[in-house]
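Let me begin by presenting the structure, written as structure tokens, before commenting on it.
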Amino acid sequence: ARDHLWMHFTRMGAYADADVPLIVRGEGAYIYDANGKRYLDALAGLFVSQLGHGRADLAEVAAKQARELAFMPLWSYAHPTAIQLAEKVASYAPGDLNRVFFTSGGGEAVETAWKLAKNYFKLTGKPMKHKVISRAIAYHGTTHGALSITGLPGLKQQFEPLVPSTFRVPNTNFY
């Protein structure tokens with residue numbers, strides 16, 4: 001890991017004379033390091049949906065899908081499983097919200113929502129309506145646009161200048 005792995009938001013120099021912690025397995029809401037120490041996996045929500053580790057039922061469904069079609073970008077083509085999932089997700093939305101745009105992660109979802117909003121306002125005659133307001137102390141992703149919206153100065157300073165027209169309002173967390 002020290003020689004070849006570049007970890008997210010990690011001061012790699014901290015491992016010059018120390019071992020990189022090695023997570024080797026997960027079970028339910030917990031992960032385990034190489035020494036057998038158990039941790040609550042509170043970070044998984046940043047990158048994936050936390051449905052629990054070691055879920056044989058999910059692994060079987062994923063393997064079945066991979067055998068049929070491992071990946072298919074939804075660019076001018078659909079896939080039955082994507083249609084079924086879109087219908088299910090749309091059924092949870094209120095009113096006439098009935099379409100789902102799939103992305104590969106949260107940062108891409110934030111960027112896509114921002115682009116859709118900007119395009120909407122251009123199409124409706126309000127091209128200067130492009131500002132984004134987010135919460136201070138809010139994390140929205142590491143891509144350039146999502147990082148611009150992120151309200152954690154320490155995560156973004158080294159990448160400035162970022163995308164303009166992003167503003168923060170105070171966090172509502174009383175504590």
- Tabulate in residue order the Karplus-calculated ³J(HN,Hα) for region 21-32, using 6.51 cos²θ - 1.76 cosθ + 1.60 with θ = phi - 60°, rounded to whole Hz; enter x for Gly and Pro. x, 10, 8, 10, 6, x, 8, x, 8, 10, 10, 10
- Specify whether the C-alpha gyration tensor of the chain places it in the rounded, prolate or oblate class, a ≥ b ≥ c being the square roots of the eigenvalues: rounded for a/c under 1.5, otherwise prolate if a/b is larger than b/c and oblate if not. oblate
- Item | Leading residue at positive end of dipole, region 20-112 (Cβ point charges), from Tyr77, Thr103, His53 | His53
- Query: At a Förster radius of 41 Å, what calculated FRET efficiency corresponds to the Cβ-Cβ distance of Arg25 and Arg99, to the nearest 0.05?
  - Reply: 0.60
- Carbon-plus-sulfur fraction of the accessible area of the chain, 1.4 Å probe, in percent? 60
- Scan the chain and report its longest stretch carrying no trypsin sites (Lys or Arg not before Pro) that are both in a DSSP loop and have at most 13 other Cβ atoms within 10 Å. 38-98
- Item | Separation of the His4 and Leu51 label points, Cα + 7 Å toward Cβ, nm | 3.0
- For the chain, what is the accessible area per residue in Å², given a 1.4 Å probe and the full set of protein chains? 80
- Dipole magnitude of the chain about its Cα centre (Cβ charges: Lys, Arg +1; Asp, Glu -1), debye to nearest 20: 740
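The values are calculated or read from the model by the stated rules, or taken from the named source; none is laboratory data. Computed from a predicted structure; not experimentally measured. Every residue, glycine as well, gets a Cβ built from its backbone with ideal geometry; the counts of neighbours run over all protein chains shown. Ligands, DNA and RNA are excluded from the accessible area calculation, which covers all protein heavy atoms including side chains. Shrake-Rupley method; radii C 1.70, N 1.55, O 1.52, S 1.80 Å.
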